[in-house]
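First up is the structure itself, then whatever we jot down about it.
What follows draws every value from the coordinates through simple rules; no lab data is involved. Being a predicted model, the structure only gives us computed values, none of them experimental. Using ideal geometry, Cβ is built from the backbone for each residue, glycine included, and neighbour counts are taken over all protein chains shown.
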Amino acid sequence: MSQVENHVDISYELYVIENEARGHAVKDAIYDALVKLNNAKSAPAPSPTPPIPGQIGEAEVIYRLTSFYDGVPGIGSVVRNVPLVTYSGWTWWQETNDDAKTTATVTPAPTAPCLLVVAAMHRDTVSIEGDGWTKVVDSQSAIGTDINQQITVWKKYVSAGEYTITVNQNSSVRMSVKSIMLYNASDITLIDNTVLASVPYTPAAKTGKRRLYLLSSVYASGNYSITASYSGIDLKSANELRFSAFYDYEPDVSAVPTFSYSSSNYTANSINALVFDIEEV
């Protein structure tokens, strides 16, 4: 697709960049605009019609996102070559369902070098395609009626770019895959691997590091089976019906979230949980 044909509506992001006083909001707006641009690149080419107000081409996107630095000598050229990272230090791509399947594919596009973490909720043996992956852990099994459900996690350090990640399962049973990009991270360290005999569940205290939480439920309830209660944490989440990831990017905040099931009718041992500390570069 040519740049002339590919028009991207980033009017909201440009407004934030020009008017928002908070640095992290500006960085997020820049990142969101580039994500829109990247997604538009992979979309089917539209008919070559003139842009409407608020829609601009790729070259103009890059110019507008960086031109406000040009008043300072030497800064503009530097900014245009700095990898963009969200203020929280993570992004994620995930499937939108946990249907029965033998293959699941996600296509993350990190904007800077990062630790790429792939997590699969599954009910049969799974494997990941491609080289360079290290398996981190197989979770304990969450138990339901004739069901054993696990979370398997892999990791790999990658550069900025687009990656097609495929996870295969031996039989067609429920599976859901997430890819999580952790920027400025060198590794993840397993803190807890447990099955919840009862809820709520409160993980171990933090030790001055970022945290990643992965939980899956055998049973579905509401929009998302896993719930999180917390105070004083800017907790981020990537949710799907039975499988949720939560991310705490504030190592200096000592509070930890508490996790539960979205219905009062909880079946013992039907949720499993993995807790990771994130090691800095």
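Table for the structure above
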| quantity | calculated |
| --- | --- |
| Modelled FRET efficiency - R0 45 Å, residue 281 with residue 172, Cβ distances, 0.05 increments | 0.70 |
| Global form of the stretch 120-213, assessed from the alpha-carbon gyration tensor, a/c cut-off 1.5 | oblate |
| Cα shape, the stretch 90-280, gyration tensor, a/c 1.5 rule | oblate |
| Cα-based reach from residue 36 at 17 Å (exclusive), listing aspartates and glutamates while leaving out same-chain residues under 8 positions away | 5, 9, 13, 28, 58, 60, 162 |
| Set of lysines near residue 236 by C-alpha distance (under 17 Å), chain-local residues within fewer than 8 positions excluded | 27, 178, 206, 209 |
| Paramagnetic reach from residue 264 in the stretch 200-229 [backbone N under 20 Å; point 7 Å along Cα→Cβ] | 200-201, 219-229 |
| Stretch gain in nm, segment residue 87-residue 193, where the contour uses 0.36 nm per residue and the Cα spacing is subtracted | 35.3 nm |
